[in-house]
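Notes follow once the structure below has been shown.
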Amino acid sequence: MRILVLGAGAIGGYFGGRLAEAGAADVTFLVRPRRREQIARDGLVIESPLGNAKLAVRTVLAEELKSDYDIVLLTCKAYDLESSMDAIAPALRGGRCAVVPLLNGLAHFARLDARFGAANVMGGTAQISTALSRDGTIVHGDSLQRILFGERDRTKSARGEALAAAFAASRVDWKLSEDIEQDLWEKIVFLCALATTTCLFRGNVREIVAAAGGREAMLRALEANAEIARREGHPPRPQMLDSARQRLTDPAGLWSASMLRDLESGGKVEADHIVGWMLERARAHGVDDTLLSLAYTHLKTYEARRDAGRLPAPSGP
C-alpha cells in the first residue's frame, strides 16, 4: 500500500512515522521545502514513552506530487482544509486514491465529499497528545496513540483491510471501525464538551472542577452534546459516556482542549468547526445551547481581536 501523509507535523509525523518504521507500507510525506530540508538533515524524529525513533523517510513537495497513491492521511487543522485539499488534489486525480481525514469533528466531510466525491472519502479519527518542537522533533506525551478508520457506509473494503494490515505491523493502537460515524460522533460529544468548558473558563479540568459550579457545568456541557448526538441518530454508548464523565470531572485532571492551548498562544482556533457546528445542531433540535453559545461567542470575540492585532503582548520573564 502506498500512503501519502499530508505534512510531517505532530499527528501526521507520528502516525506516518510509525508506519514507515514498521516497513509494511510505502510511506511518503507531503511537506514544504523547509521541513524537507530538516528531515533530510536530521531524519524524522519521534520522542515517545513507547519508544523513540529517528527515521530516514521519503518526502515530496507539492509541485512534485503525482497520482500514484492508495491512501492520503489528511492531518491538517480545519482552518487549513481548503489549502490542504488543493495540496493533495494531484494524488486523487487517478480516481483510485482515498482520503482518510484525521481532523476533529465532522464538519469537514461535506467539503471533502464535494471536492473529491463521497466514495473517495473514508472516516478517521486520532486519539493522541503530541506536539512538534522547534527543532522538528515530534514529542509524544503519554501512552495514548490510537487511530480509528473505516468506510462511512459501514461496508468492508479492500483499502480498509490493507490500511489495517499496515497499522497491524506497527506499534500503533489501531481499529478498523465497523461504524466510524458512531466513533466520530462519540469523539465530538466529548471533545466539544472539553473545548467548550476549558476555553470558556480558561482552565484545565482540575481547575474548573475545583471552582464553584464547575463540575455541574462540565456535566451540563456533556449532556447537551450527548442529546445532540441522540437527535442526530448516533446515541453515545453508555461506556463512552461513563468514561467522558470521569475525565471531565476528575479532580486531578490536568488536561484541557488543544483549542485552549491554541487560544492562549495567540493562534488560530477551530471555533466554527467544533463549537459552532455543534451549536447549530443544538439550536436545530431545541437542545440546551447555553454553554455552547457562550463559548462560541467567546471564541469568535477572540478571533476578532486576533485578526485586528489586539491580543495582549506576551508577558516578559
Fill in: Size of electric dipole in the chain: Cβ of Lys, Arg +1 and of Asp, Glu -1, about Cα centre, debye, nearest 20
420 debye
Worksheet item: Are any of the pairs Lys77/Lys187; Lys187/Lys268; Lys175/Lys300 more than 25 Å apart by Cα-Cα distance, and if so, which?
Response: Lys175/Lys300
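Where the only charges are on Cβ atoms (+1 Lys, Arg; -1 Asp, Glu), what is the dipole of the stretch 62-200 about its Cα centre, to the nearest 20 debye? Can you show the working numbers first?
Details: 15 positive and 19 negative charges, 9 e Å.
For this selection, approximately 40 debye.
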Discussion item. What is the angle, in °, between the Cα long axis of helix 180-201 and the longest principal axis of the Cα atoms in the chain? Nearest 10 is fine, range 0 to 90.
Written reply: 50 degrees
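Ranked from highest to lowest mean number of other Cβ atoms within 10 Å per residue, what is the order of the peptides 198-207, 109-118, 2-11?
Values: 198-207: 19.7, 109-118: 14.9, 2-11: 23.1.
Output ranking for 198-207, 109-118, 2-11: 2-11, 198-207, 109-118.
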Discussion item. Between the stretch 246-278 and the stretch 112-147, how far is it from one alpha carbon centroid to the other, in angstrom?
Written reply: 17 Å
Worksheet item: Going toward the positive end of the dipole of the stretch 141-263, with +1 on Lys and Arg Cβ and -1 on Asp and Glu Cβ, which of Leu260, Thr155, Met240 do you reach last?
Response: Leu260
Discussion item. Run the Debye formula on the Cα coordinates of the stretch 192-317, all scatterers equal and no solvent, and tell me log10 I(q)/I(0) at q = 0.12, 0.14 1/Å.
Written reply: -0.46, -0.62
Worksheet, complete the sentence: Sorting Leu184, Leu55, His108 by the position of each Cα along the dipole of the chain (Lys, Arg +1; Asp, Glu -1; all at Cβ), the one nearest the positive end of that ordering is Leu55
Fill in: Residue among Cys199, Ala210, Gly117 farthest towards the positive dipole end of the stretch 91-230, charges placed on Cβ
Gly117
Worksheet entry | In Hz, Karplus ³J(HN,Hα) per residue of the stretch 96-102 (6.51, -1.76, 1.60; θ = phi - 60°; x = Gly, Pro) | 9, 8, 10, 9, 10, x, 10
Worksheet entry | For the stretch 1-141: span of alpha carbons on each principal axis (Å, largest first) | 38, 30, 27
Fill in: the chain: relative contact order in percent, alpha carbon pairs under 8 Å with at least 6 residues between
15 percent
Response to the item:
Taking placed amide H atoms and a strict 5 Å upper bound, the residues 5 or more places from Asp250 or on another chain that come that close are none
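Rounded to a whole number of µm²/s, how large is the Stokes-Einstein D of the chain at 37 °C and 0.692 mPa s, given Rh as the Kirkwood radius over C-alpha pairs? Mind dumping the intermediate values first?
Working: Rh = 20.4 Å.
The estimated diffusion coefficient comes to 161 µm²/s.
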Worksheet item: Pairing the Cα long axis of helix 290-307 with the longest principal axis of the chain, what angle in degrees results, from 0 to 90 and rounded to the nearest 10?
Response: 60 degrees
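Laboratory data are not the source of any read-out in this text; all were calculated from the coordinates shown. The structure presented is a predicted model; accordingly, all values stated were derived computationally and were not measured. Because the Cβ atoms are built from the backbone with ideal geometry, glycine has one as well, and the counts that use them run over all protein chains shown.
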